[in-house]
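A.B. asks: Have a look at this one.
Rule-based calculations on the coordinates, nothing more; no lab input. Remember, it's a predicted structure, so these values are computed and weren't measured experimentally. Heads up, the Cβs are rebuilt from the backbone with ideal geometry, glycines too, and the neighbour counts pull from every protein chain shown.
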Amino acid sequence: MKKTEITEQGPDLFLKFKVLEKLQTFFPIILALSVLKTPFETKLYLNIFPPLVGLLFLLTFRKIEKTFYSLVLMLSLGIFVSSYHGDWKGVMRIGQVLCMIGFTCQVSNFSKKDYILFLKSLLIIFTIVYGLEAALGLESYNRKILGFNTNRYSGPVGEVNYSAIILAGMTLLWLYFSKWKAFLFSFILLGFSNSRTALLMMVEGSFGISFSSHPSFKKVIGYFNKILLALLFLTPLIIYLVNVFAPHSTKASLEVLSSGRFYLYVPYINMGLDNLLGIGYFRGWDNYHIFLDPMKELVDSIRGSQLNEQHNIFIQVFSEFGLIGYGFFIAFLYGIFKRIQETNELERERRLSLFVALLLGYSLLNGLNDMIFYFIIGLVINKNKLYE
């Protein structure tokens, strides 16, 4: 298929409702404020704004792009399972994820100007919050780096790693738009989080975005992105096979290198294998103890407790939506990949690098309902030319 630039406009709330036209200019600013969930241990929960936008979109247009059909199937399966268990809170949470589909469709209509305004607003918010936390000595906890104790700050979200992944996404977006001063400033701000998740995203994304148009690296980056994407898709299978066939010494080394995550993942994978339709969204934690192997508690000496959430969006979906639901999730992500492949040649590898970096970051975090996850997906499927 010939790769051509597509400039058609999708459904847009601001085109549908004239009363919203006055808000259109300020919409990216209001959206940026949604990162303020629990700053300074103060419950604001402005993160409710993106799902509300998505709900309005879905109620208005009553349709979504075909790219999201498989995700809807996965969530529908989750609603069935959660309803079967009488978990109505889980049903509500799945409803929130459904709303984020509408939000993504709306964000995919953004112009370059809208994205830049959102990033500027986000940069101001992170600068103010991190600055105040540092000035007031409100560090969350310390982490040793090269033998030195460094402070980690909770940021606008109120949790170190979730603030860090939003900031890392923002930093890569500045790089995507070649706004170098803003990129460097955002990169410096990442020091307030000292997050390995953010560092992993930056290493993969920065190289891919920066050199994707270089003749000597273009093909290499393309192959690397595709291989890494395939490995991420196969995460549950790879961990399962390592656990079954690798010697104990290898698994013990992986446990240490992953900061106590390897044996954390294993029970969740068994949970997904034993429940093909899933255990229910956010019910993994409650059922985790059932799948624990008492012979595999090396994690206790590292993390302090083996009981923890999945810390991996792929493991999260596999354990809570089952093997069938996971298949729908991978079909959704593959659909995003196909959409990126239809983008103009100048942007194709840049967008793919951004998408893979996002998934790499969430291979260390849960995030099925995170705003930045859907915001970046909205950008990479945007039909308009955003980079020149």
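A.B. asks: Give the range of the longest stretch in the chain that excludes all chymotrypsin sites (Phe, Trp or Tyr not before Pro) found in loop regions by DSSP and having at most 16 other beta-carbon atoms within 10 Å. Don't jump to the answer; show the numbers that get you there.
C.D. replies: Working: sites that count: 17, 26, 45, 217, 387.
Longest site-free region, per DSSP loop and neighbour criteria: 46-216.
A.B. asks: For n ≥ 4 DSSP H runs only, could you compute -39500 (n - 2.57) per run for the chain, divide by its residues and tell me the 222 nm figure to the nearest 500? Intermediate results must be reported in sequence, preceding the final value.
C.D. replies: Details: 19 runs with 245 residues, N = 388.
For the chain, the value works out to -20000 deg cm²/dmol.
A.B. asks: Using only the Cα atoms of segment 34-115, what do you get for the radius of gyration and for Dmax, in Å?
C.D. replies: 14.7, 46
A.B. asks: Put +1 on the Cβ of every Lys and Arg and -1 on every Asp and Glu Cβ in segment 109-228; which of 206, 109, 222 then has its Cα farthest towards the positive end of the dipole?
C.D. replies: 222
A.B. asks: Note down the Stokes-Einstein diffusion coefficient of segment 68-210 in µm²/s, whole number, using a Kirkwood radius over alpha carbon pairs, 20 °C, and 1.002 mPa s. Write out the running numbers ahead of the final one.
C.D. replies: Working: Rh = 17.4 Å.
In µm²/s, the coefficient rounds to 123.
A.B. asks: What residues qualify as long-range amide H neighbours of residue 150, i.e. H under 5 Å apart, gap of 5 or more or another chain, H built at 1.01 Å from N?
C.D. replies: 143, 144, 145
A.B. asks: Would you list the membrane-span-like helices of the chain, meaning whole DSSP H runs whose alpha-carbon atoms span at least 20 Å along their axis and whose mean Kyte-Doolittle value is at least 1.0? Mind dumping the intermediate values first?
C.D. replies: Numbers: long enough: 69-84 (23 Å, 1.66); 88-107 (28 Å, 0.94); 112-136 (36 Å, 1.24); 160-176 (24 Å, 1.47); 196-211 (23 Å, 1.02); 218-233 (23 Å, 1.18); 313-341 (30 Å, 1.25); 345-361 (25 Å, 0.38).
Counting only whole DSSP H runs, the qualifying helices are 69-84, 112-136, 160-176, 196-211, 218-233, 313-341.
A.B. asks: Taking the Cα centre of segment 29-113 as origin, work out the dipole magnitude from +1 charges on Lys and Arg Cβ and -1 charges on Asp and Glu Cβ, in debye rounded to 20.
C.D. replies: Numbers: 9 positive and 3 negative charges, 49 e Å.
The dipole magnitude comes to about 240 debye.
A.B. asks: Continuing with the same structure: Residues of segment 365-388 with the amide nitrogen closer than 13 Å to a label point 7 Å from the Cα of residue 178, along Cα-to-Cβ, please.
C.D. replies: 386-388
A.B. asks: Using alpha-carbon pairs under 8 Å, 6+ residues apart, how would you state the relative contact order of the chain in percent? Please report the intermediate quantities before stating the final value.
C.D. replies: On the way: 593 pairs, mean separation 92.7, N = 388.
Relative contact order for the chain comes out at 24 percent.
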